[in-house]
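The structure appears right after this line, and notes come after that.
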Amino acid sequence: MSTTPDTRGWKSVGETSNTRYFLVEERVLAGVPPPGSIDDAKSARENIDFQQDYFRKHQPGVIIVFFDNLVSQDKGARSVYQTHGDPKLLLGTALVGGNLLSRAMGSFFMGLSKPKVAVKMFRTLDEAVVWAHERIGTEKEQGT
């Protein structure tokens, strides 16, 4: 089961070498890698920088990454995602994936690391958006 989203109703807000970014709703971005994408330390830094720059210019928010199109992620990429996110800008990362490879990569990443930014896996966009609202609501309650 693939969870590549239909992005036609979303506003495109930019891209990196391996991900296109869309505004799903206020404070919620979607990251959509093209089919066959790989993720290494260089692309991971680009992605973190893009996300943080976006949320710095607007308001802190949540990124929803659709990672079914990702075919590999190396140790360098996992290290960047584990250590470089600012939890005051990136309130959470929702990993949405339905195929076996993407779910295995997500489980592997989450099992090996304790990232600075909250990460959770979902099967659907709707589930991820509910969690995004919870993360944004928690940030509002804390006044950060």
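The numbers here are math on the coordinates, done by the rules we state, and not lab data. Keep in mind that what you see is a predicted model, and the values were worked out from it rather than measured.
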Using θ = phi - 60° and Karplus 6.51 cos²θ - 1.76 cosθ + 1.60, couplings along the range 87-98 (whole Hz; Gly, Pro as x) = x, 7, 9, 9, 6, x, 10, 9, 9, 10, x, x
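How big is the Kirkwood radius of the range 11-142, worked out from every pair of different alpha carbons and given in Å to one decimal?
Numbers: mean 1/r = 0.0694 Å⁻¹.
The Cα-based Kirkwood calculation yields 14.4 Å.
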ask   = Percent antiparallel among DSSP beta bridges with both residues in the range 1-105, to the nearest 5?
value = 40
